[in-house]
Structures are given as C-alpha cells and as structure tokens.
Amino acid sequence: MDVISKIAQLKKEKQAVILAHNYQRPEVQDIADYVGDSIELSKRAAEETDAKILVFAAVDFMAESAAILNPDKKVLLPSSGARCPMAQMFPVEQVKMWKKKYPKIPLVLYVNTLAQAKTECDVCCTSANAVEIVNALDTDTLLFGPDNNLAFYVQQKTDKKIIPIPPGGFCPTHLLFLKDDILSLKEKKLNAEVMVHPECNPEVQGIADFIGSTSQMCKYAKNASSQRFIVVTEIGLLHRLKKENPTKEFLPAYEGGVCPNMKLNTFERIYLALKTEQTEITVPLNVARKARKALEKMHALLS
Ligand code: CIZ
Ligand code: SF4
C-alpha cells in the first residue's frame, strides 16, 4: 500500500481530520481535508465535531491554538520541529517586560505567538483581521507585537497610535522579498498585479497593488479582473491560488520565498503522526484558559 492509501486508512480508523495551512507543500495540501489560513483552520477544527484527532499540518503556534479551542480533541503536529521563528522572538518574559514599561496601554498580539505569551495580551489578531481588531478597541494607543511590519501596515490604516514591540520583530521568510526583484519581474510580466503580505517590509508594501493575508489574497485574485499576479508571500500559497483560478497566472515574487518550518510536514511525517499519535500538542490548563480568552475576544470583536 502506498503512503497516501495508508494515510487514508488511518484517518478513517482513527476518526482523524487533516488540516493544512496555505503554506504547506502542494502534495500535503492535496491530501488535506481542508486548506486555509490560521483562522479558517481553527474555525474548521471546531466544526469537525465527529473528529477525535486533528492533524495540524502547520507550525507550533497554530497547533497550540487548535488545542486551546478544541480541548476534547487530540491535536497532532506532524513535525515537532515546525516552529515559527517569529513566535519564538517574543517569549512571555519579554511580553511582561513591555507591559511593565507601558502599564496602561492595551496589548494586541498577533496569533503568531506562543500560548504562554498570549496569556498576557488583551486580544489576539491575525493578518486578515488586524486592522479591524485595532479599530474595534476602545483606546487611542496600543501596543502591537511581535511583527513590526504588520504593525506598520496597521498604522497606515488607522488613526490610532501603534507602538510596535519588540523592536525588530519579523518573519524571516517574508523578509526575503526585495523591492527591486519585484519591480524587475513586473517590468517583464506586463499587467501583473502585485499582491503583498503585510509581513513584508514597508518598502515592499509600498509597491503593492494589494496588501493582504493569504485568505484575502485568495479572495482578491478570484474577484479581480486581472489575469496575472505576482505573489509576495510564502511560495506554498501559489498552489492554492492556481488550483482555485486555473485560467489565471500566478508568479512567485522570489522562488526562494520558503518557510522551512512549514515545509517540515511531509507525507511520511503525516503518516507517522497518525500511526503513533505523536507529536501531541497540549497546553497546560491555566495557560489555555487565559490564552483562550484572548482568542475568543478576537472572535467576539469581529462579530
Ligand atoms: O494567519 C495565518 O494563517 C498566517 C500566518 C498568514 C496568513 O496571511 O494567512
Ligand atoms: Fe512564522 Fe514566517 Fe513561517 Fe509564517 S512564514 S510560520 S510567520 S516564519
């Protein structure tokens, strides 16, 4: 039996569902029950009421959030090494230090943070809803971390004062995209629209025709009349974009725009995760309770 059939058999036997992030390998996206961004995946995870196991083909903080929001299900991360470096950049001790420095200012944390860090914030946001969350808060000034580029993007879209913390927080993958590369590709590929992720640096954001999260890029590309797009985010998204829009052309802004952590989830590791039920992601109850509040507040502010 090949690995794909073995995965299908184990999924059935164990009542498991595979949820894959937009940045996963194309072949992993193709065997997943659902492909989406972090918020779409967490919604889907909650809807899978019959599932006993969620295989979260993504990175650590996303699997943690799934475990927090689905305490009755076993959440498996196929590769224990799939850790988001941006989330590692802002440990809870540092979050506490910044809160001490600005004791009266509310803190919005990007979901790309560990559960421990989330316990210290007022509300979470994703790249898809950061502007909406900031505008919904009853405050003129707020702390925003850890992605300084997303903070910059939000600052362009709101009258509120955003204090980005910690200085220099960034996504190493999105920093690989360079303005000059994109401009020279645009010169060669006439009429291409440039779609940029807000984790890219301000200079790259400045040449975008559209700035948005992965789910927003999917919607934009579907509805736009343009036939050609330069995609300035992790390369995995191109697979979904091409699949959903077979008549349109999607060009990577840079072939090396890869998140090595996302790519650690291979077929073989997904099969082993299902077989051995490892690596299970658990969050201590007291941490989960506080982090859940920040995630639930995000959902409440959106509705
Ligand atoms: O929220 C997500 O899934 C991330 C990390 C990126 C995006 O834009 O979808
Ligand atoms: Fe983290 Fe960047 Fe990879 Fe997303 S693309 S998981 S922010 S390192």
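The values are calculated or read from the model by the stated rules, or taken from the named source; none is laboratory data. Being a predicted model, the structure only gives us computed values, none of them experimental. Note: ideal-geometry Cβ built from the backbone for every residue, glycine included; neighbour counts use all protein chains shown. All accessible areas refer to the heavy atoms of the entire protein, side chains included, with ligands and DNA or RNA removed. Shrake-Rupley method; radii C 1.70, N 1.55, O 1.52, S 1.80 Å.
Scanning the range 205-234 for residues that are farther than 17 Å from Val131 by Cα, open to solvent by 10 Å² or more (accessible area, probe 1.4 Å) and touching an Asp or Glu at 6+ places or on another chain (Cβ under 7 Å) returns Asp209, Lys222, Ala224, Ser226, Gln227, Arg228. Condition check for Leu241 on (1) in contact with a Pro (Cβ under 9 Å, 6 or more places away or on another chain); (2) closer than 14 Å to Tyr23 by Cα; (3) open to solvent by less than 10 Å² (accessible area, probe 1.4 Å): one failure, at (1).
Could you list all residues from the range 244-283 that are more than 16 Å from ligand 1 (Cβ to nearest atom), under 22 Å from Thr173 (Cβ atoms) and surrounded by 23 or more Cβ atoms within 10 Å (Cβ to Cβ)? Correct list: Ile270 only. Filtered by the rule that a residue be buried (at least 20 other Cβ atoms within 10 Å of the Cβ) and more than 16 Å from Leu302 (Cα to Cα), the range 121-147 gives Cys121, Leu142, Leu143, Phe144, Gly145, Pro146, Asp147. For the range 42-70, filtered to residues that are within 15 Å of Ala288 (Cβ to Cβ) and of a type in the set (Asp, Glu), the residue that is most open to solvent (accessible area, probe 1.4 Å) is Glu64.
Only one of the numbered conditions (1) of a type in the set (A, V, I, L, M); (2) assigned to a helix (DSSP H, G or I); (3) not assigned by TED's automatic domain parsing to the domain that holds Met62 is violated by Leu274, and that is (3).
Leu190 fulfils the conditions (1) more than 30 Å from Asp30 (Cα to Cα); (2) at pLDDT 95 or above except for a single criterion, (2). In the range 204-227, the qualifying residues are those that are in a loop (DSSP other than H, G, I, E, B) and in contact (Cβ under 8 Å) with a residue 40 or more places away in the chain, and the one that is nearest to Ala192 (Cα to Cα) is Gly212. If the condition is being open to solvent by 40 Å² or more (accessible area, probe 1.4 Å) and touching a residue at least 40 places away in the same chain (Cβ under 8 Å), then the range 12-29 contributes Lys14, Arg25, Pro26, Glu27. Scanning the range 240-257 for residues being touching a residue at least 40 places away in the same chain (Cβ under 8 Å), closer than 23 Å to Met62 by Cα and touching a Phe, Trp or Tyr at 6+ places or on another chain (Cβ under 9 Å) gives a total of 1.
For the residues Phe152, Phe177, the requirement of being open to solvent by 20 Å² or more (accessible area, probe 1.4 Å), more than 16 Å from Gln88 (Cβ to Cβ) and of a type in the set (Phe, Trp, Tyr) singles out Phe152. For the range 11-25, a residue qualifies if it is in contact with a strand residue (DSSP E or B) (Cβ under 9 Å, 6 or more places away or on another chain) and not β-branched (Val, Ile, Thr), and the qualifying residues are Lys11, Lys14, Gln15, Ala16, Leu19, Ala20, His21, Asn22, Gln24, Arg25. May I ask you to verify whether Gln88 is open to solvent by 40 Å² or more (accessible area, probe 1.4 Å) and within 15 Å of ligand 1 (Cβ to nearest atom)? Yes; evaluated as a whole, the condition is true for this residue.
In the range 29-60, which residue that is within 16 Å of Val111 (Cα to Cα) and among the acidic types (Asp, Glu) is farthest from ligand 2 (Cβ to nearest atom)? For the range 29-60, the residue satisfying everything is Glu40.
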